[in-house]
Amino acid sequence: MPEAPRVASSAHAPTDEAGREGGDRAPRARESIRRLPASKIREVADAASGLDGILAFWFGEPDLVTASFIRDAAKAALDAGDTFYHHNLGIAPLREALSDYLSRLHVPLGAAPVEASRIALASAGVNALMLAGQLLLGPGDRVVAVVPLWPNVTEIPRILGAQVVRIGLHVDARKQRWSLDIDRLFAAITPGTRAVIVNSPNNPTGWLMPREQMAALLAHCRRIGCWVISDEAYERLVFDGTTLAPSMLDIADPDDRLIVANTFSKAWQMTGWRLGWLVLPEALVPDLAKLVEFNTSCAPGFVQQAALVALRDGEPVVRAFVEQLRVRRDALLAALRDTPRVRVAKPEGAMYAFFSVEGVKDSLALAKDLVRAERLGLAPGMAFGDEGEGYLRWCFAKPVQALGEGVARLRRHLLGLGR
Ligand SMILES: Cc1ncc(COP(=O)(O)O)c(C=O)c1O
């Protein structure tokens, strides 16, 4: 007798964590992966599909093409036949060059020399964060994160089964700057907390964690035995006349429970190249190499050759970019502060203004309205967590004229809404 056809399962059939469903053969990802939210920034960008004349400031990306001497280095490496696998941890000359670069920046500020043996390349900053997570975090672990925050940073621990406790920044009304109540953070980092994640300069707010707070956090984590994962992707993008944001590297010992993640994407305008790095205690490096093997095996050789040239000759590129960003930030800030219903704290680093709009309860709806009605593309604040509701994020790595036109569109819309 033929087997009776299987009845299709309902969308709500119970599953276990591995995605297995009793008697159901429908292909499904793990439950926790299915529950991951899709990017709300993408959702707004998708709302622009088919529309002309969009002025887009939603993604966190410099508008500049990577400098030609960096591109030439990649082409030369390809022409020389660099098309093979490489060491899990990155090519030795690049690890050495990063060691020199990081030591040159951080030793004068108190850091121990950053030895190449503590440095590993990763296939992008986001991959560096995933590797750090895979090294340290497992199901049930408690992680504390300072938010609002680029969603990738908080979703990675969740993908790995950890529980993320969020501690919100606030705007210091007197200074008009984003600020962290360190005692609230300490209260959240209870014994047993596995890791605290901090991103400074912060995406989306532009907050810089002061050096004293970093030192206090490190001391607290040492007492408790908690790891610090410090995402320093924007460390070079600061606007106070220095060339570097405060870094955990400046204050930590080489064998502290600290992993620093960084990237070539922002400072050298290399977002599409997908190259990042980690600084971690030497004792973890062999385990990291195994994880790199099972994730990507290695970063591409010709991309690493280009990065070598970026480190060697790219300092003027970094400095010119920061100076240009400072002018753009100031122009955007002045225009936003002149816009009714808008309140914005001064971003001290990164490349975003995170501003609130009086009376707005649904930033996703507002961002979609702005796309449809004004052809203006901004990221909804709720994409960075509940703390961001009522806010919009504006990436100011765009020409001043475009920023001005964008604010004019925002103003027109907000005045219209206010009528
Ligand atoms: C806070 C933060 N960390 C890390 C990254 C990683 O950048 P990438 O994966 O391009 O190296 C980004 C990119 O937007 C970011 O905003």
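Being within 23 Å of ILE251 (Cβ to Cβ) and either of a type in the set (Val, Ile, Thr) or part of a strand (DSSP E or B) (or both) narrows it down to one of VAL171, VAL143, so name that one.
VAL143
Examine the range 74-94 for a residue that is under 20 Å from SER265 (Cα atoms), in contact with a helix residue (DSSP H, G or I) (Cβ under 6 Å, 6 or more places away or on another chain) and not assigned by TED's automatic domain parsing to the domain that holds ILE224, and state whether such a residue exists.
Scanning the range 74-94 turns up at least one residue that is under 20 Å from SER265 (Cα atoms), in contact with a helix residue (DSSP H, G or I) (Cβ under 6 Å, 6 or more places away or on another chain) and not assigned by TED's automatic domain parsing to the domain that holds ILE224.
Could you grab me the full set of residues in the range 248-305 that are in contact (Cβ under 8 Å) with a residue 60 or more places away in the chain and touching a Cys at 6+ places or on another chain (Cβ under 9 Å)?
VAL292, GLN304
Filter the strands (runs of 3 or more DSSP E) completely within the range 308-419 down to those with at least 3 residues that are crowded, with 20+ Cβ neighbours inside 10 Å.
Here the list reads 352-357, 391-395.
So which residues in the range 246-289 are more than 22 Å from ASN88 (Cβ to Cβ), buried (at least 24 other Cβ atoms within 10 Å of the Cβ), within 17 Å of the chain's Cα centre (by Cα) and among the aliphatic types (A, V, I, L, M)?
Within the range 246-289, just MET248 meets the criteria.
Would you mind telling me which numbered condition in (1) surrounded by fewer than 21 Cβ atoms within 10 Å (Cβ to Cβ); (2) within 21 Å of ALA245 (Cβ to Cβ) GLU155 fails?
(2)
Looking only at residues that are part of a helix (DSSP H, G or I), in contact (Cβ under 8 Å) with a residue 12 or more places away in the chain and more than 16 Å from the ligand (Cβ to nearest atom) in the range 46-71, which one is nearest to GLY381 (Cα to Cα)?
Checked the range 46-71; the qualifying residue nearest to GLY381 (Cα to Cα) is ALA47.
Which residue, of ARG118, ARG174, ARG166, ARG142, is within 16 Å of the ligand (Cβ to nearest atom) and basic (Lys, Arg)?
The conditions single out ARG166.
Condition first: surrounded by 17 or more Cβ atoms within 10 Å (Cβ to Cβ), more than 16 Å from the ligand (Cβ to nearest atom) and part of a helix (DSSP H, G or I). Now tell me which residues in the range 72-98 satisfy that.
Within the range 72-98, ALA73, ALA74, ALA77, ARG95, ALA97 qualify.
Quick one: is GLU43 assigned to a helix (DSSP H, G or I) and surrounded by 13 or more Cβ atoms within 10 Å (Cβ to Cβ)?
yes
Scan the range 121-132 residue by residue and report those that are more than 9 Å from the ligand (Cβ to nearest atom) and in a helix (DSSP H, G or I).
Residues satisfying the conditions are MET130, LEU131, ALA132.
The values are calculated or read from the model by the stated rules, or taken from the named source; none is laboratory data. Computed from a predicted structure; not experimentally measured. In this analysis, Cβ positions are derived from the backbone assuming ideal geometry, glycine residues included, and neighbour counts consider all displayed protein chains.
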